[in-house]
1. What's the number of the condition residue 33 fails, among (1) under 8 Å from the mean Cα position of the chain (by Cα); (2) more than 22 Å from residue 4 (Cβ to Cβ); (3) among the charged types (D, E, K, R)?
2. Can you tell me how many residues within the range 36-58 are part of a helix (DSSP H, G or I) and free of Cβ contacts under 8 Å to residues at least 40 places away in the same chain?
3. Output the residues belonging to the range 1-35 that are part of a helix (DSSP H, G or I), of a type in the set (D, E, K, R) and at pLDDT below 95.
Amino acid sequence: MKTKDLRVLDVEELLQKEKAMKKELFGLNYQRKFGKVEKPARFSQLKKDVARIKTVLKERKA
């Protein structure tokens, strides 16, 4: 997800997206323990997207 796409969303939507991504990341970590991850590149993508969301939220707070 691109940063400019995130800047259009309001705070509630950003928080919901962050929560959903963290939940998916938790599920992927669970799958990793059992060795059944189909898309391992999704880990880094999710982490970066969560960081982008946190950055946008912090910018709005300032």
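The values are calculated or read from the model by the stated rules, or taken from the named source; none is laboratory data. Computed from a predicted model, the values in this text were never measured in an experiment. Glycine also receives a Cβ, built like all others from the backbone with ideal geometry; neighbour counts cover every protein chain displayed.
1. The number of the failed condition is (1).
2. Total satisfying the criteria: 12.
3. 4, 5, 7, 32, 33
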